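The values are calculated or read from the model by the stated rules, or taken from the named source; none is laboratory data. Just so it is clear, the model here is predicted, and its values are computed rather than measured. As a convention, Cβ positions derive from the backbone with ideal geometry for all residues, glycine included, and neighbour counts pool all protein chains shown.
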């Protein structure tokens, strides 16, 4: 695949960080550490950051959780088992697992804090292209 040169004035470089409001920051930190399988690399009273596959999932104590704002999709290898595990850990179903074509499946849950957590199983995603 040929890479198109980036214009000098490009401002969007790709997904870097997704921030979720977590008014109960300690609970959010524990819950996300459990589902991500890693402890935060940055942990302060104003922000908790997790490194996830070259990207960052951040938690902030301020803000209002919701499911209708930006809707990032986090990659998973097995969407069925991940969806089931998230529900078992206290998430609530939002969107069922849905095939959207070419082997790609998506779903979403509401985390225990009221935020939308989108999932995607995409066999075409190439992690070597993350920059």
Is it the case that the range 6-29 has a residue that's farther than 19 Å from residue 118 by Cβ, buried (at least 16 other Cβ atoms within 10 Å of the Cβ), modelled with pLDDT of 90 or more and touching a helix residue (DSSP H, G or I) at 6+ places or on another chain (Cβ under 9 Å)? no
Among (1) at pLDDT below 95; (2) closer than 18 Å to residue 21 by Cα; (3) outside any strand (DSSP E or B), residue 128 falls short only on (2)
Looking for something without any contact (Cβ under 8 Å) to a residue 60 or more places away in the chain and in contact with a helix residue (DSSP H, G or I) (Cβ under 6 Å, 6 or more places away or on another chain) - is there at least one such residue anywhere in the range 73-82? yes
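Among the residues of the range 44-51, are any touching a residue at least 40 places away in the same chain (Cβ under 8 Å) and in contact with a strand residue (DSSP E or B) (Cβ under 6 Å, 6 or more places away or on another chain)? Explain how you work it out, then say what you get.
First, pick out the residues of the range 44-51 that are touching a residue at least 40 places away in the same chain (Cβ under 8 Å): none.
Among the residues of the range 44-51, not one is touching a residue at least 40 places away in the same chain (Cβ under 8 Å) and in contact with a strand residue (DSSP E or B) (Cβ under 6 Å, 6 or more places away or on another chain), which makes the answer no.
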When residue 70 is run through (1) touching a helix residue (DSSP H, G or I) at 6+ places or on another chain (Cβ under 8 Å); (2) within 17 Å of residue 21 (Cβ to Cβ); (3) free of Cβ contacts under 8 Å to residues at least 60 places away in the same chain; (4) outside any strand (DSSP E or B), the failure sits at (1)
Of those in the range 105-124 that are within 12 Å of the chain's Cα centre (by Cα) and not in a strand (DSSP E or B), the residue farthest from residue 27 (Cα to Cα) is 115
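Restricting to the range 91-131, give me the number of residues that are at positive phi and surrounded by 12 or more Cβ atoms within 10 Å (Cβ to Cβ). Spell out the reasoning first.
So in the range 91-131, the residues at positive phi come out as 101-103, 114.
Checking which are surrounded by 12 or more Cβ atoms within 10 Å (Cβ to Cβ) leaves us with 114.
Of the residues in that region, 1 qualify.
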Note: among 48, 100, just one is under 26 Å from residue 27 (Cβ atoms) and assigned to a strand (DSSP E or B), namely 48
Over the range 73-91, the set of residues assigned to a strand (DSSP E or B) and closer than 14 Å to residue 35 by Cα is 74, 75
Hey, residue 40 in a loop (DSSP other than H, G, I, E, B) and at pLDDT 90 or above or not: yes
